[in-house]
1. Rounded if a/c is under 1.5, else prolate if a/b is larger than b/c, else oblate: which is the stretch A:167-224, with a ≥ b ≥ c the root eigenvalues of its Cα gyration tensor?
2. Kindly point out, ordered by number, any Cys in chain A whose beta-carbon has no other cysteine beta-carbon under 4.7 Å away.
3. Choose one of A:Tyr11, A:Ile230, A:Pro254: the residue whose Cα lies farthest towards the positive end of the charge dipole of chain A (beta-carbon charges +1 Lys, Arg; -1 Asp, Glu; about the Cα centre).
4. Explain nothing, just the number: dipole magnitude of chain A about its Cα centre with +1 on each Lys and Arg Cβ and -1 on each Asp and Glu Cβ, in debye rounded to the nearest 20.
5. Quick one: which residues, 5+ away or cross-chain, put their amide H under 5 Å from the amide H of B:Phe51? H built at 1.01 Å from N.
6. Please report the projected area of the stretch A:148-305's Cα convex hull averaged over all directions, in nm².
7. Would any residue of the stretch A:50-67 have its amide N under 18 Å from a label point 7 Å out along Cα→Cβ of A:Ala105? List them or say none.
8. Rg/Rh for chain A: what does it come to with C-alpha atoms and Rh from Kirkwood?
Number of protein chains: 2
Amino acid sequence: MPSEFEIIRRYFSRPARNALLGVGDDAALLQPEAGAVLAVSTDLLLEGRHFARGAQPRSLGHKALAVNLSDMAAMGATPRWATLGLALPAADEDWIAAFAEGFYALAARFGVDLVGGDTTRGPLCICVTILGEVPANLALLRGGARPGDDIWVSGELGGAAYALHGAGGAAAARRLHEPEPRVELGERLRGIASAAIDVSDGFAQDLGHVLERSGVGAVVHYALLPKFAIDDPALEQRCVLAGGDDYELAFTAPQAARAEIEALSGSLRIALARVGSIQGGETKLQLLDVKGKPMAHAAGFDHFA
Amino acid sequence: MPSEFEIIRRYFSRPARNALLGVGDDAALLQPEAGAVLAVSTDLLLEGRHFARGAQPRSLGHKALAVNLSDMAAMGATPRWATLGLALPAADEDWIAAFAEGFYALAARFGVDLVGGDTTRGPLCICVTILGEVPANLALLRGGARPGDDIWVSGELGGAAYALHGAGGAAAARRLHEPEPRVELGERLRGIASAAIDVSDGFAQDLGHVLERSGVGAVVHYALLPKFAIDDPALEQRCVLAGGDDYELAFTAPQAARAEIEALSGSLRIALARVGSIQGGETKLQLLDVKGKPMAHAAGFDHFA
């Protein structure tokens, strides 16, 4: 069985292209762009909670990085570097090689360097920290939504949660296991969007964070929400409104930006749906059905609920 | 039971003094010093491997940050920001409050901001990523040791491992559970030390990394190693040479720096022992006993061995 150092050397030491020093010392050394602001985020993925026992290691490697890239997208930041804390039940080399493959394949697509980390034995647990850069004053915050702004959603909602119900076939499974982080979209929304968040815990809850931080309310038309195809209407509602793991962007922008956002949708080939608008007054999300009547809506995912 | 968001709000949202944006958005936003190089390191601590079930949460909060601060010290970097990934078996508020207390107390001493993280339910697991700054070209690397350099060690070795054997009383227990990271020493060694590492896996193994990276050998006199008081000579050797968790600095420096290093020891009130010298030729650590005869020495800690 390879040692901790052998595992790192064999599977997690690909050369860092954008770092002064990568894996192999007490810390990595990075040179941020002069004047750029650094965006930093950490996510923890645990077996039995964020993914099932026996999950495909290649998908896990992809997803562990994807959920962090999605946080960069939600800030409008360009991801640059990542570290990886990895606890493994055993040093199964096939598993590790496949995990590393999934991780590095996605990292390469976005020019992200894995620059450090820690490997140990324990219950399967993956902790990725991502570092990105964003020009000063152009980061997309949760707190910038203003009354009158439009609310937009990328892609489709509900597919990942539908896959968790064992439905939706390969398309839903891909949403769940190999989500596509909206990094380019986030970058292009700099200076356009007034607020942004990624939909990781469910649309209603995540948009709720934007409303809370911005001190505004919202009206959203359920019919306008972009939806993964789900037959059962009640299940559709749960998956679309409260299903986590979508990793789409929900963002707000002034009405004056509509044409620009539609052009962006075309040039990036990402569906962008205008689903409602920001209101003054109470910090509350009002969901309207086809007839314009208020709908009850489920809460999102809480890891301690 | 408080929700994930309540836990973060109540216990992990102290204002960040040195960040543009701390906990509460998709990512933290930081403004590194112009021209500084960023040092980044991640450590994973697991129950049953890095600490015993039932470990004091306040000490754990301290130690989780201390081991990362120690990595900054070993790079000569000034720690600035940290993120925390925390998996908890249950949302026990007393436990969380004590953990946060230990973490923030140490963070405050070194001016480190907790700027982000992730909290979830699962087997107890702590993943801290630390970010620090170091002036360009002054980082202390493992690869800079040159033949003729002295080898130095801070503090005392073996206390933490002795505590793991249930011996050494409160003094040893403190080394194990609340190690003191040598941050100031690391900063002051910029421009003086030629190479540095922190002693986390055992002196012999950790110095071995320096030798490997530098492509040099070393002669170390066992009698000169600074030792925690341990009665049993065989146990002393194991604890001093292969005991992990000391978090002292082992560093090399040209002979011309001796007076400067001794003055530093006085001004920082940290014992600094000169224990041997770097040699050309084979990448090998030769340990000599009191009579100048080669000693066998145990390997350090490998998490998969």
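The values are calculated or read from the model by the stated rules, or taken from the named source; none is laboratory data. On a predicted model such as this, the values are computed, not experimentally measured, just so you know. Glycine also receives a Cβ, built like all others from the backbone with ideal geometry; neighbour counts cover every protein chain displayed. Quick note on the areas: whole protein, heavy atoms, side chains included, nothing else; ligands and nucleic acids left out. Shrake-Rupley method; radii C 1.70, N 1.55, O 1.52, S 1.80 Å.
1. Judged from the Cα gyration tensor, the stretch A:167-224 comes out oblate (a/c at least 1.5, b/c at or above a/b).
2. Flagged as lacking a Cys partner: A:Cys125, A:Cys239.
3. A:Pro254
4. 500 debye
5. Amide H neighbours of B:Phe51, under 5 Å, 5+ apart: B:Leu46.
6. Values: hull surface 37.7 nm².
Here the figure is 9.4 nm², rounded to one decimal.
7. Inside the label zone: A:55-67.
8. Across chain A, the Cα-based Rg/Rh ratio is 0.99.
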